[in-house]
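Heads up, the thing below is written out as structure tokens.
Read the figures in this text as sums done on the coordinates, not as results from a lab. In this text the structure is predicted, and so the values were computed from the model without any measurement. Here the Cβ positions follow ideal geometry from the backbone for every residue, glycine too, while neighbour counts run over all protein chains shown.
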Amino acid sequence: MSTKVLPFDASLYLDRPQAQAELLDDAFQTGNASYIAAALGVIARARGMTQVAKDAGITREALYRALSAEGDPKLSTLLGVMKALNVSLHVAAAE
């Protein structure tokens, strides 16, 4: 008997800005670029990719590409997406 696996989309469950911020904070804490891009992608999907892309000043296709598992967004894209999502980045000295 095989197990049936259903697709999971975290963006369907991250409907509160606080939950989205916690995901993004966790991603930045790891320093893993792929995780950061994926977290931004989940949040962008939760808020609507078309609107986020428009607010970030890039095409929807470019946003999907940049925030994919293989994506490596430029700093300008990252900053534009963060501005569109109304989140900010804070820096602290590492312990």
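Points worth noting:
- Screening the chain for whole DSSP H helices of 18 Å or more along their axis (Cα) with average Kyte-Doolittle hydropathy at least 1.6 returns none.
- The longest part of the chain holding none of the exposed loop chymotrypsin sites (Phe, Trp or Tyr not before Pro), meaning those outside H, G, I, E and B in DSSP with at most 12 other Cβ atoms within 10 Å, is 14-95.
- Compared with the direct C-alpha span, the chain from residue 65 to residue 30 gains 10.4 nm at full extension, assuming 0.36 nm per residue.
- Charging the Cβ of each Asp and Glu at -1 and of each Lys and Arg at +1, and nothing else, the dipole of the chain about its Cα centre rounds to 380 debye.
- 13 Å Cα-Cα reach of residue 83 towards aspartates and glutamates, excluding residues that sit fewer than 8 places from it in its own chain: 55
- Note on the range 1-60: Cα convex hull, mean projected area over all directions, 5.6 nm².
- Within the chain, longest stretch clear of exposed trypsin sites (Lys or Arg not before Pro) (DSSP loop, no more than 12 other Cβ within 10 Å): 5-73
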